[in-house]
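*Asks:* I'd like to ask some things about the structure below.
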Amino acid sequence: LVQMTGYSLEDGAQISGAHLTYPPDAEIGAAERQAMLENKLDVFQVEKRYVHKDSHIFWVRITSSVVRDVDGKPKYIVAMTENIDERKRKSEELQESEARFRSMFDNAAVGVAVMTLDRHITQINQKASRMTGYTEEEIGQINPSMLALEEDRYIDRDLFPELVEGKRDQYTVE
């Protein structure tokens, strides 16, 4: 915790978790802690933000458990604090990336489909739905080759396996 927060061991002994908690997160875990003290809960885990000594904010996961005396009364609480800032940051980046992809997919000026390696369509955008006349649910039941004219159905017969095998990054057929 000392290394995580930037405080010295001496300073750390004088500082509570409440002091380290980012103010908007102050109530996170309060109800669970109270439930522990009322013998309704033995362990709980929360994620919240802490403020480092140098004022930057970072995410932690706190796992708390109560140690009880022989009568079952709370004697003390043991808390393990884990820095999860990197994981949280990567999760947020992934969500942003997924949102960008979803926006490009949904708003593309061309028909776009997502297909499994065994050539089953799992998603299409609105443009592809309008072009084919099929809904996303309907098109998932169709062999994509059947959407082409009969003479064009196997135009990509050699290209698709090369894509799957990693011999090419992409291909386009018209």
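*Asks:* Subtracting the Cα-Cα distance from 0.36 nm times the residue separation, let me have the gained length for VAL70 to ASN107 in nm, one decimal.
*Replies:* My answer for the length gained is 6.9 nm.
*Asks:* Something else: Roughly how many Å is it from the Cα centre of the range 68-111 to that of the range 1-24, as a whole number?
*Replies:* Using only Cα atoms to place each centre, the spacing works out to 22 Å.
*Asks:* Treating the Cα atoms of the range 74-166 as identical point scatterers in vacuum, please give the log10 of the normalised Debye intensity I(q)/I(0) at q = 0.19 Å⁻¹, two decimals.
*Replies:* Evaluating at q = 0.19 Å⁻¹ gives log10 I(q)/I(0) of -1.02.
*Asks:* Once the other residues with Cβ under 13 Å from the Cβ of GLU27 are scored (Lys, Arg +1; Asp, Glu -1), what is the net sum?
*Replies:* Local net charge: +1.
*Asks:* Another question, if that's okay. Could you run the Debye sum over the Cα atoms of the range 41-88, one equal point scatterer each and no solvent, and tell me log10 of I(q)/I(0) at q = 0.17, 0.25, 0.28 Å⁻¹, two decimals?
*Replies:* Values, matching the q order: -0.58, -0.87, -0.97.
*Asks:* With a Förster radius of 25 Å, plug the Cβ-Cβ distance of VAL114 and GLU165 into 1/(1 + (r/R0)^6) and report the FRET value to the nearest 0.05.
*Replies:* 0.85
*Asks:* Quick check for you: with a 1.4 Å probe and neighbouring chains kept, what is the accessible area per residue of the range 27-174, in Å²?
*Replies:* Accessible area per residue, the range 27-174: 73 Å².
*Asks:* Please give the helix 85-107 orientation as an angle from the longest Cα principal axis of the chain, in degrees from 0 to 90, rounded to the nearest 10.
*Replies:* Helix 85-107 sits at roughly 30 degrees to that axis.
*Asks:* What FRET efficiency would be calculated for the residue pair GLN123, ASP11, taking the C-beta separation as r and a Förster radius of 45 Å, to the nearest 0.05?
*Replies:* Efficiency computed from Cβ-Cβ geometry: 0.25.
*Asks:* Please report, in Å, the Rg and the Dmax of the chain, where both are computed over Cα atoms only.
*Replies:* Reported Rg and Dmax, both Å: 27.5, 83.
*Asks:* So, one more: Rounded to the nearest percent, how much of the accessible area of the range 1-90 (1.4 Å probe, protein heavy atoms only) is carbon and sulfur?
*Replies:* 52
The values are calculated or read from the model by the stated rules, or taken from the named source; none is laboratory data. Just so you know, these numbers come straight off a predicted model, no measurement behind them. Don't worry about glycine lacking a Cβ; one is built from the backbone with ideal geometry, like all the others, and counts go over all protein chains shown. Just the protein is used for accessible areas: all its heavy atoms, side chains included, with ligands, DNA and RNA removed. Shrake-Rupley method; radii C 1.70, N 1.55, O 1.52, S 1.80 Å.
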